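Notes follow the structure.
Values in this text are rule-based calculations from the coordinates and carry no lab data. The structure displayed is predicted, hence computed values, not measured ones. Because the Cβ atoms are built from the backbone with ideal geometry, glycine has one as well, and the counts that use them run over all protein chains shown.
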Amino acid sequence: MTEAPSMALDVNLVRAALTRFIREQIAEAGRRRAVLGLSGGLDSAVVCYLAAEALGPDQVLALTMPYATSAPESLADALSVVSATGVRHEHFEVTPLVQPLIDRYPTMDRRRRGNAMARARMTVLYDQSEAFGGLVVGTSNKTETLLGYSTVHGDSACALAPIADLYKTQVRQLARRLGVPAAIIDKAPSADLWPGQTDEADLGLSYDEADAILLLLLEERQSPAEVIARGFAEAKVQRVCDLCRRSYFKRRLPPVAAVSTCCVGRDIAPGTVPPHMDDQ
C-alpha cells in the first residue's frame, strides 16, 4: 500500500504571504502594476486572484493569448476569472505570430510548435508590461518547475514567481480558498498546445503521484529506494528523478566562463549589486 505524505497547506498563511510577496516585489522594482498571461487553467487563475488582491484589480492586466487550435472552453474559463476578479483584460491571438515559423518548417513536431506558442505569448506579455508599466508575474508551480514542464524563455520567463514554491496539489488547495471556479479547479490540467493534450499524459504520471514523490525526495530527503519502499512504483519514481535531472539546465542562470577577477555568478551574485557600490 502506498504511503503518501501530507500535502496539507496552511492556506490563510500562504495566501497572506503570497499577496505580500507580490506587493513587495513590484514595489521594490519601482512599479505598482502587474501583467500576466491567463490561460484558463488553474495556475494562472490563482495568480490572477492573488495579484488582484495584492495590488487592486485596476493595477493588473491579464492577457488571453490563444492559438488557432486552442480550446474555446479555455478562453471561456479565462474570461470567467477576469469577470470574477475585475482585472483589466486584453485579448491577443498569437496565431499570426507563430504561423510563419510553423509554415516555414512543416515537419515541425508538437513540442516545437508548443515552444513557439509559449515564446510568442511571452513576447506579447513583455511588450504589454512595458506599455502598461507593470512587471510580468509568472504562473508556473513547483511541480512543473522541478520536472522541467515549461519552455525556456516562454512560460518560465517572468519578473517574479509567486506560486513556484507550491506543488500542484497545494495550488488546488489555495484555489479553493480564493474562490477560483470549480470548473477550473476540477478540469484536467493542460497547456492547451494541441487538441486533447494534457499535462499528466505528457509527464507519464498524475500530479498527485508526482507531488508525493517529489515531496519525499526533496522535503524529506529520502532516497529513491526509500520512496519505492513506501509503495510508489519504481518506474514512476525513476521517471520523476530522470525529469528533474534532465531539466536542471532550465532552473539555473546561464553559466558564465570566468576570465576576469570579478565574474558575474562567481564573484558577483546574480541579481545583486556589489556592496561597495552601494556605499554613499
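Rounded to the nearest 500, what is the chain's calculated 222 nm mean residue ellipticity when only DSSP H runs of at least 4 contribute -39500 (n - 2.57) each, over all residues? Write out the running numbers ahead of the final one.
On the way: 12 runs with 133 residues, N = 280.
-14500 deg cm²/dmol, from helical runs alone.
Please list the equivalent ellipsoid semi-axes of region 76-213, computed as the square roots of five times the alpha-carbon gyration tensor eigenvalues, in descending order and whole angstrom.
That gives 24, 21, 15 Å for the three semi-axes.
Rank VAL137, GLN197, ALA182 by how far each Cα sits towards the positive end of the charge dipole of region 134-258 (+1 on Lys, Arg Cβ; -1 on Asp, Glu Cβ) and give me just the farthest.
Checking the options against the dipole of region 134-258, the answer is VAL137.
Expressed in nm to one decimal, what extension gain is obtained for the pair ALA229 and ARG112 from 0.36 nm per residue of sequence separation less their Cα-Cα distance?
Length difference between fully extended and current span is 38.3 nm.
Quick check: pseudo-label points 7 Å beyond the Cα along Cα→Cβ at ALA257 and GLN99, how many nm apart are they?
Once both label points are built, they end up 4.2 nm from each other.
Give the lysines whose C-alpha is closer than 19 Å to that of LYS250, dropping any in the same chain fewer than 8 places away, or say none.
LYS142, LYS168
Could the peptides 102-112, 242-252, 124-134, 175-185 be put in order, highest first, of the mean number of other beta-carbon atoms found within 10 Å of their residues?
Answer by packing, highest mean first, reads 124-134, 175-185, 242-252, 102-112.
Estimate the FRET efficiency between GLU24 and ALA188 by the formula 1/(1 + (r/R0)^6), using the beta-carbon distance for r and 45 Å for R0, to the nearest 0.05.
0.85
With 10 Å bins from zero, work out the P(r) of region 204-251 over every alpha carbon pair and list the percent per bin.
27, 60, 12, 0
Please report how far the C-alpha centroid of region 34-75 lies from that of region 91-136, rounded to the nearest whole angstrom.
First find each Cα centre; the distance between them is then 16 Å.
Taking a cut-off of 28 Å, what percent of all Cα-Cα pairs in the chain are separated by more than that?
In whole percent, the long-distance tail amounts to 41.
Give a quick list of GluC sites (Glu not before Pro) in region 212-277 that DSSP marks as loop, anything other than H, G, I, E or B, with at most 13 other Cβ atoms within 10 Å.
Answer by residue number: GLU220.
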